Every structure is written in C-alpha cells, then in structure tokens.
C-alpha cells in the first residue's frame, strides 16, 4: 500500500500570510479613516449651503440696489418735472387789483385786458373764453371792487374808474387802488371823480414776457 505525501508547501503558507496581512492592514486603515470620510461629506454639504446663502444674499442686495436706483431715478424725474412746472409758472404772474372809496356813491371798476376784452360789473363780470374775473362789487360806498386773474398773459391792462351813481354830497370822490402780483404790489395814483358818469384811467399795468409787473403811464 502506497503512503500519502504529508509534506506542507512552504510557498503556499507564505502567500496566505501575505494576503492575510494585507487584508488586515486594509481593514485597519478603513477603520481608522472611516470617521474622516463621513466628516468630509458633512463639511462639503455645509459649504454648499453656505455658498447658496451667500449667492442669495448677493442677489437680494443687487435687487435692493436696483430698486433704490429706480426709486432715485423716479424721484429725480419728479423733481425735474416740478422744477419745469415752477419755471412755467414763473414765466407769467397772477394779478389781484382793487379800488376803494370812502363816500356813499357807486363807483365802477372797468378793466380792459391785452386782447381788448373789457370787464365791468354790469354785464361782463366774467367773459367766456377770457381769463380773469371781476370778483367783488359794492353799489353803495364806502366800498371796493376787485378784479383778479391767476395766469395773466403778457401785455397792458388798462384800469379805469367811473362814477356810476351819486349818493353823497361830498365831492369829489377820491378813488384809491393797488395791484398785487408775483413780485409784490404797486399803488395806483389817486383819482378824483366829481360828476356822474365821469370815467378816468387810474392805472395801466404792464405784464412782461418773463412775468414781471410794472405800472406804466
């Protein structure tokens, strides 16, 4: 009967030792490095979140800056429009003129504007299509009459007074007056009326193209 060969190969055992040692070393390294791999993943996610927040904040800041720029532009346009409107208003002027007297007589104010339209209380207090209005009248003195216009076209405005009705023995009737305008006021020269129907010019008001107001002879 043949005897079995019981010799163990030295080469096979050495290879097994090498493989086992390598696997053991790999497992040890994996166990040591595994926590660090998890931490690195968490840090990357946090970094991505932080970057997204920074981008969102930058976008919000850009939107806010754009909104402020638009608001500033709108405000600048509004102020420019207001300045242009004020400049147009300053190109003309308002007029408020009045006459007054101290007797019981009835004195009428007559005003003729640059177009030739004449205002007086009897029939033409307001003339359609023409600026200006005779806004106050007294038929028994002491009294006053007022004519006003908000945007006076340039030209000459003739102001006349007429003794319409005599109700007082005191004569003459002394009529005084004044005009108020954009830059201040001017006093009319006094006029004396002695007879019924007497009509005299008390002032001529000139409005210049730039809105200036002055009395002319």
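Since every read-out is calculated from the coordinates, none of them should be taken as a lab result. Model, not experiment: these values are computed from the prediction. Here Cβ is always computed from backbone atoms with ideal geometry, including for glycine, and neighbour counts include all displayed protein chains.
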For the stretch 194-217, indicate whether the set of residues that are more than 25 Å from residue 130 (Cα to Cα), more than 35 Å from the chain's Cα centre (by Cα) and not in a loop (DSSP other than H, G, I, E, B) is non-empty. no
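Considering only the stretch 177-185, I want to know if a residue exists there that is in contact (Cβ under 8 Å) with a residue 24 or more places away in the chain and more than 14 Å from residue 95 (Cα to Cα).
No, the stretch 177-185 has no match at all.
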